[in-house]
Amino acid sequence: MSGDKTRGKSEIEEVLNNMRLFNYSDLAQLNQMIHKTIEYSYSGIYPERAVLFFKKYHSESNILERNLKGAVLVVENDGNLLATGSIVDNEISGVFVAPENQGLGLGSQIMFELEKRAQTTGFSEVTLSVSITSKKFYEKLQYEILEDLKIDVGEGQYLKYWQGRKKIIS
C-alpha cells in the first residue's frame, strides 16, 4: 500500500482489518517506521536536538515498555507496518502513520481504537502530547488543546508542544 489517495474504500477497510496488537517480532520494523516518520514530519519544523529527543523518546526500549504497561497497536499490510499508536492507562502516545500512508484515515482509526480501549477499562478521558505537526489532526478529532509546554533539549533548543485531552464518556 503506497500513498496513492485514490484507493477504493474497500481496500482501505481491508487494511484497517489488519490492525492488531504489537508482536515482539515487529520491533525493528516498527522502530524504523517511527523514526522515518519523525524525520519526515519533524525535520525543518523542530530544531535538530528536538528531532533527536523524539527519536529517543520513541526508542525500541520505550516501545517495549509501553507494550508491557499497556497496549501498542499496529496496522499491517503485506508484512509492512503502516501505522501505530499506544496507550498506557489513559495516556495515548506514539501515534505515527508512515509518510506514504498519511491522509488515508489510518491515524484516525488507530485513535478510535485507543480511545475505545481506555473507555472499556473505565477511563472517562484520554490525554496525550500534541506536537506542532499533529495539532490540526487532534483538533479535528475533538481534542481540547491545553497549555503550551516546552522541553529544553540543550544548546538553546526547545521542543514545543501542548497537552491535549478528550472526554470519552459513552
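The values are calculated or read from the model by the stated rules, or taken from the named source; none is laboratory data. Since the structure is predicted, the reported quantities are computational estimates derived from the model, not experimental observations. Methodologically, a virtual Cβ is constructed for each residue, glycine included, from the backbone with ideal geometry; neighbour enumeration extends over all protein chains shown.
Restricting attention to the range 7-31, the residues that are of a type in the set (Ser, Thr, Tyr) and modelled with pLDDT of 65 or more add up to 2. Of everything in the range 95-133 that is assigned to a loop (DSSP other than H, G, I, E, B) and free of Cβ contacts under 8 Å to residues at least 40 places away in the same chain, the residue that is surrounded by the most Cβ atoms within 10 Å (Cβ to Cβ) is Thr121. For Ile151, state whether it is assigned to a strand (DSSP E or B) and either touching a Lys or Arg at 6+ places or on another chain (Cβ under 6 Å) or in contact (Cβ under 8 Å) with a residue 40 or more places away in the chain (or both). Yes: the conditions hold for Ile151.
Which residue out of Phe112, Phe123, Phe53 is over 27 Å from Gln157 (Cβ atoms) and over 14 Å from the mean Cα position of the chain (by Cα)? Write out each step before concluding.
Numbers: Phe112 fails: over 14 Å from the mean Cα position of the chain (by Cα); Phe53 fails: over 27 Å from Gln157 (Cβ atoms).
Every option except Phe123 fails the conditions.
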